[in-house]
Amino acid sequence: MTSLLKRLGGHAGRIVLALVFALPLVFMLVSSFKTDDQIFGDLGSPSAFLPVGALSLDNYTGMFERVPAAQFLLNSVLISSITVVLGIIVNSLAAFALSRMRWPGRKLVLTVIIATLIVPFETFALPLVWWVNQLPLLRVNGFHLEWTTGWMDTYQVQILPFVANAFSIFFFHQFFQSIPKELDEAAIMDGAGWFTIYRRIVVPLSGPAVATVAILTFLPAWNSYLWPLMVVQSEELRPVMVGISYFFQLNVGWGQIMAYASMITVPVLALFVAFQRSFVNSIASTGVKG
Amino acid sequence: MTTKIAALERLCPVRRTRTTNARRRQSLTALGMATPAVVLLIVFLVVPVVLAFALAFTDARLISPTPARFVGLRNFTQLFEDPVFYKSLRNTAYFAAVVVPLQAGLALALALLVNAKVRGVNFFRTVYFLPVVTSMVVVSLLWTFLYRKDGLVNHVISTLTLGHVQGPDWLGDPATAMPAIILMSVWQGVGFHMVIWLAGLQTIPVELYEAAELDGATTWHRFRHVTWPGLRATRTFVLVTITIAAFSLFTQIRVMTQGGPLDSTTTVVYQAVRTGYDQQQTAYAATVSLVFFVLVLTVSLVQRFLTREKD
Amino acid sequence: MVFRRRRLALASVAAAAATALVAGCASGPGGSSSGAGGDTLTLWTHNAGNSAELDVVKKIIKDFNDSQDKYTVELQSFPQTDYNNSVVAAASARKLPCLLDVDGPNVANWAWGGYLAPIDVSGSEVPVKDQLASTVGTYKDQLYSFGFYDVSLALFARGSVLNEHGIRIPTPGKPWTKGEFDAALAELRKSGKFAYPLEMGTGGSGEWWPYAYSPQLQSFGGDLIDRNGHKSASGTLDGKESVEWGNWFRSLVTKGYMAKKSGADPNKDFLAGKSAIQWDGSWNAAKNAQKLGDDLVILPPVDFGEGPKIGGASWQWAMSSTCSDKDGAQEWLRFSRRTKYFVDYAEATSTIPATDAAARQIADYRPGGKFEVLVQFAREYATVRPVTPAYPYISTEFQKAAQDILAGADPESALGQAAKNIDNNLKTNNNYAG
């Protein structure tokens, strides 16, 4: 009897909490189908969370007229996925070297990498703008390649600065450490090189960690806003979050903002749901050591 | 292991050079593997950060007809006399002091709640994680709506108390603005740390719980003597990640309050951005950032020292 | 985590050394391309997402590109919220385009900082002297920018509401005095029909604050800075008249006349009848007229002693100093200065045309038109924000002071602190000489 009560109580708690976490986002989604007048009219009542009144897709069509949303989405998908893929390779390689191999200076390198977590991006964005503009760039000019200087207004300036990531390295490091080292020794006995161990043994065992890092790299890449505004001038190269500010001109369209916000959130949600199981379990199997 | 190798080496001395060679090769391979990440971090993080910090000793401006000049510690003197800087420090410390235990504790409670083996638990995990995958800018915009005097938060409060309590203008009152931002920030970030705790919970061997059950331990005892000690490693991780995130509080402030009312929500990073971009005082903003970096580093080291593993 | 204290110091040294190394070999020649590749002139505007104005820009570009073969103008649009950051970042990389638009009060700052070059548009169809003074950007007696339109602030109300409460409808010849205005607000408040009698958009942020409220400060007799030389704010921004303004501004909230923080869309609240009088820009005039019809009255600003005042200067066009084809850029500027484009801008954006010739071609703004009064306000009441490179700094300090005053700060100390900060900023920058 008590256990039944307990379970019911637990379930009730879970449901109430689910409401707390979901309602503001339900408000966003529901509002995206309402007119601005109705959004404001419903603000003070539960109708704000309900699909009531004259619902339409007007905000969505209006939004697509105002912002080249399809282009922005495509850019963000491209930028985020390349950042994720490169990030997984680069950071897992470094983490592998740091966690499973013995070499002088590795503790120092790990310490410095983790110290970099502390500096917020906003504080060094401007020097970075100046700096990326001093870097050499190989570009296609007609039928031959040529070297120029400066990375402004490219895809790569939105990708490369965010590939190496201290958090990802740390995460992979913890995960790799939990994989028994005896596997490496056995492989070396069989004549395998370190890269083979990385590719054939450690990476195949780390699927869940890869999924975790994928989502955690994807989120900031998808949400980047200040950086692209500073280094990208062509509209054709802009990512989705910049689009939000298109609506804060004269005559702010709140319904359109809700529609746009829903549109850019849904793909990330879908990604999370797809990865959900391995995401949760992966951290479990790292055993996160302090 | 080492003794075994030593014994082998004693038996066949030829192996020795081979081992040294293997060591050297291992070092080279490792360096090769770490190089891409290290180079990228140096180019895109260390260089600009050092550049930014160097500006703290100059009179650099965002827009200026003349190049920056070295001015020594002038910016630091100015900073230490700036009342807004101390308010920013205090607010940042206040935010961190509340958010770190609150978010960590709440996340643990959520994790315990969804660690149960019941149907639909994956659904709840996903819902609790929803705000994490939503951009902070979008979340801040939404909550600005919800926090209005005639907004939904107050509507809910009024309904729950049968109209006895009228909520305040959350973001417009110096007394409630920071608590409101704390609440929203925890709401947004708690799902992430729930997942981390959950991971920690799942590493605790089931046998320990079974043994406790046999001893007739209560729920509280099981938590106190099995769960809590089993989460020791996870605790450090959660603590440090929330602390770093809390010290960087910025986006919410920028979108929701711009540091007001009456400086009640200004934070160090917000001040750096306001002075650096809006007020064009690049060098001063660099000074704020540099001092902030040193402070966070100190706190991290102290935290690290206090939670060090005693081995 | 993995901090090891001893290592950390060592790590910083190593990192610094590595930095020096990398910085040493990678510093190549600075980029000096300047937005004009061959005969292409790039043009930046803050209008991304604002299709009404953007379409006019596109139309002029098309006309210009079709009219001659020598130059091609290319448009790049940016969202307004962070437009200044986009420009600053590009300037730091020496990648400014040849042509760009700039918010009026920033012209002096950008000209002083070397972003902009003086322009010569003599010989264009519309002479600069025909424009409203607030639509022309000069710094140190040189022309740097011009706009096609200005906006104007006004008090919007329903005639029926004012009549019902026995409130006199003011005219440009006889605007409300401070006493009359306060009495009207008290009367409206007493009626209990409005959440707040007055709506002044106090939920806004950024440049709206000095744009909307510093004219009131000036009407009280105060100002943001001593305009004689722009060398000090003390005694002006925290002078007796300015403090009087601060006390009055604060009283609007304490007496319940105005919200401490307006809703997300103040104009919507006014049109819905939540407020009786709205202090708002002319850009909403058309929308108000459409909703309220003949009941809409457009009233002059209150005369707080020194006459009615409104802010002047909106977005204007300029040329960058790094433009490598200044002839081409100025040819474009001259081309655009045709009355028909002044008309197009004003019609598309519901703003006030910068010349009388253009105003005469627009039904609403020509003499006798329903918005003629707005042109009159712009001509007679407009006060430009102080023309000094320090303006962006002054603006942020005024914003903070005004916000603090509404939140309950003592007006005298809030304005005093702002004045002190501004003076300190002027001092450390050597009064923006150079």
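The values are calculated or read from the model by the stated rules, or taken from the named source; none is laboratory data. The shown structure was predicted, so the numbers you read here are calculated from the model rather than taken from an experiment. Note that each Cβ is placed from the backbone with ideal geometry, even for glycine, and that neighbours are counted across all protein chains shown.
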> Residue check: is residue B:255 within 12 Å of chain C (Cβ to nearest Cβ), more than 24 Å from residue A:115 (Cβ to Cβ), hydrophobic (A, V, I, L, M, F, W, C) and under 21 Å from the mean Cα position of the chain (by Cα)?
Replying inline: yes
> In segment C:387-424, which residues are touching a residue at least 12 places away in the same chain (Cβ under 8 Å) and among the polar types (S, T, N, Q)?
Replying inline: C:388, C:395, C:399, C:403, C:417, C:421
> Restricting attention to segment C:285-297, which residues are within 22 Å of the chain's Cα centre (by Cα) and surrounded by fewer than 22 Cβ atoms within 10 Å (Cβ to Cβ)?
Replying inline: C:286, C:287
>> Given the criteria within 25 Å of the chain's Cα centre (by Cα) and either more than 10 Å from every other protein chain (Cβ to nearest Cβ) or hydroxyl-bearing (Ser, Thr, Tyr) (or both), does residue A:29 qualify?
In response: yes
>> Here is a list: C:407, C:419, C:402, C:433. Which entry is within 11 Å of another protein chain (Cβ to nearest Cβ) and within 19 Å of residue C:239 (Cβ to Cβ)?
In response: C:402
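Yes/no per residue for (1) outside the structural domain of residue C:324 (by TED's automatic domain parsing); (2) part of a loop (DSSP other than H, G, I, E, B); (3) farther than 26 Å from residue C:355 by Cα; (4) among the aromatic types (Phe, Trp, Tyr):
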| position | (1), (2), (3), (4) |
| --- | --- |
| C:83 | no, no, yes, yes |
| C:97 | no, yes, yes, no |
| C:102 | no, no, no, no |
| C:105 | no, no, no, no |
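One line per residue, one yes/no per condition, for (1) under 30 Å from residue C:338 (Cα atoms); (2) part of a strand (DSSP E or B):
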{"residue": "C:143", "(1), (2)": "yes, yes"}
{"residue": "C:156", "(1), (2)": "no, yes"}
{"residue": "C:161", "(1), (2)": "no, no"}
{"residue": "C:167", "(1), (2)": "no, no"}
{"residue": "C:170", "(1), (2)": "no, no"}
{"residue": "C:174", "(1), (2)": "no, no"}
{"residue": "C:179", "(1), (2)": "no, no"}
{"residue": "C:183", "(1), (2)": "no, no"}
> Of these, A:94, A:125, which one is facing chain B (nearest Cβ under 7 Å) and either in contact with a Pro (Cβ under 9 Å, 6 or more places away or on another chain) or crowded, with 16+ Cβ neighbours inside 10 Å (or both)?
Replying inline: A:94
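Is it fair to say residue B:224 is free of Cβ contacts under 8 Å to residues at least 12 places away in the same chain, under 22 Å from the mean Cα position of the chain (by Cα) and either more than 9 Å from every other protein chain (Cβ to nearest Cβ) or closer than 26 Å to residue A:167 by Cβ (or both)?
no
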>> The conditions are (1) more than 10 Å from chain A (Cβ to nearest Cβ); (2) at pLDDT 90 or above, and residue B:40 fails exactly one of them. Which is it?
In response: (1)
> Listed residues B:106, B:102, B:89, B:113; which is in contact with a Lys or Arg (Cβ under 8 Å, 6 or more places away or on another chain), surrounded by 16 or more Cβ atoms within 10 Å (Cβ to Cβ), assigned by TED's automatic domain parsing to the domain that holds residue B:244 and assigned to a helix (DSSP H, G or I)?
Replying inline: B:113
> For segment A:192-208, which residues satisfy the criterion of being away from chain B (no Cβ under 11 Å) and surrounded by 17 or more Cβ atoms within 10 Å (Cβ to Cβ)?
Replying inline: A:201, A:202, A:203, A:206
> Considering segment C:87-116 alone, what residues qualify as being surrounded by fewer than 24 Cβ atoms within 10 Å (Cβ to Cβ) and within 13 Å of chain B (Cβ to nearest Cβ)?
Replying inline: C:88, C:91, C:92, C:112, C:113, C:114
> Does segment B:129-177 hold any residues that are farther than 30 Å from residue B:114 by Cβ, in a helix (DSSP H, G or I) and more than 10 Å from chain A (Cβ to nearest Cβ), and which are they?
Replying inline: B:171, B:172, B:174, B:175, B:176, B:177
>> Which count do you get for residues in segment B:181-200 that are more than 10 Å from residue B:131 (Cβ to Cβ) and facing chain A (nearest Cβ under 8 Å)?
In response: 5
> Looking at B:119, B:61, which is the one that is more than 8 Å from chain A (Cβ to nearest Cβ), closer than 30 Å to residue C:111 by Cα, among the charged types (D, E, K, R) and not in a helix (DSSP H, G or I)?
Replying inline: B:61
> When residues of segment C:247-266 are filtered for being in a helix (DSSP H, G or I), out of contact with any strand residue (DSSP E or B) (no Cβ under 6 Å at 6 or more places or on another chain) and either outside the structural domain of residue C:419 (by TED's automatic domain parsing) or more than 14 Å from residue C:178 (Cβ to Cβ) (or both), how many remain?
Replying inline: 3
> Within the set of pairs 6+ apart or on separate chains, which have a first residue in segment B:141-164 that is more than 22 Å from residue A:247 (Cα to Cα) and modelled with pLDDT of 85 or more, a second that is of a type in the set (Asp, Glu) and not in a helix (DSSP H, G or I), and C-beta atoms under 9 Å apart?
Replying inline: B:154/B:169
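Got a sec? Which of A:81, A:47 is over 27 Å from residue B:289 (Cβ atoms), not in a loop (DSSP other than H, G, I, E, B) and not assigned by TED's automatic domain parsing to the domain that holds residue A:157?
On the way: A:81 fails: not assigned by TED's automatic domain parsing to the domain that holds residue A:157.
Answer to the check: A:47.
So is residue A:83 more than 14 Å from chain B (Cβ to nearest Cβ) and of a type in the set (Val, Ile, Thr) or not?
Numbers: more than 14 Å from chain B (Cβ to nearest Cβ): no; of a type in the set (Val, Ile, Thr): yes.
It is false that residue A:83 is more than 14 Å from chain B (Cβ to nearest Cβ) and of a type in the set (Val, Ile, Thr).
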> If you go through segment B:92-123 one residue at a time, how many are of a type outside the set (Val, Ile, Thr) and touching a residue at least 24 places away in the same chain (Cβ under 8 Å)?
Replying inline: 13
> Tell me, which residue of segment C:222-238 that is out of contact with any Ser or Thr (no Cβ under 8 Å at 6 or more places or on another chain) and farther than 15 Å from residue C:401 by Cα is surrounded by the most Cβ atoms within 10 Å (Cβ to Cβ)?
Replying inline: C:232
>> Anything in segment A:182-191 that is within 12 Å of chain B (Cβ to nearest Cβ) and under 13 Å from residue A:96 (Cβ atoms)? List them, or say none.
In response: A:184
> Yes or no: residue C:123 outside the structural domain of residue C:324 (by TED's automatic domain parsing) and either in a loop (DSSP other than H, G, I, E, B) or in contact with a His (Cβ under 9 Å, 6 or more places away or on another chain) (or both)?
Replying inline: no
>> Looking at segment B:262-277, I want the residues that are at the interface with chain C (Cβ under 10 Å from one of its Cβ atoms) and have a partner that is aliphatic (A, V, I, L, M) and part of a helix (DSSP H, G or I) with Cβ atoms under 6 Å, at least 6 apart or on another chain. Which pairs are those?
In response: B:262/C:407; B:264/B:177; B:264/B:178; B:275/B:285
>> With the structure loaded, tell me whether residue B:232 is within 12 Å of chain A (Cβ to nearest Cβ) and either more than 28 Å from residue B:201 (Cβ to Cβ) or charged (D, E, K, R) (or both) or whether it fails that test.
In response: yes
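Can you name the residue in segment A:128-147 that is over 23 Å from the mean Cα position of the chain (by Cα) and within 22 Å of residue B:51 (Cβ to Cβ) and is also farthest from the other protein chains (Cβ to nearest Cβ) among such residues?
The initial filter retains those residues of segment A:128-147 that are over 23 Å from the mean Cα position of the chain (by Cα), namely A:130-131, A:133-147.
With the extra rule that they be within 22 Å of residue B:51 (Cβ to Cβ), the set shrinks to A:130-131, A:133-137.
Numbers: A:130: 5, A:131: 5, A:133: 4, A:134: 6, A:135: 7, A:136: 6, A:137: 10 Å.
Among those residues, the one meeting the criterion is A:137.
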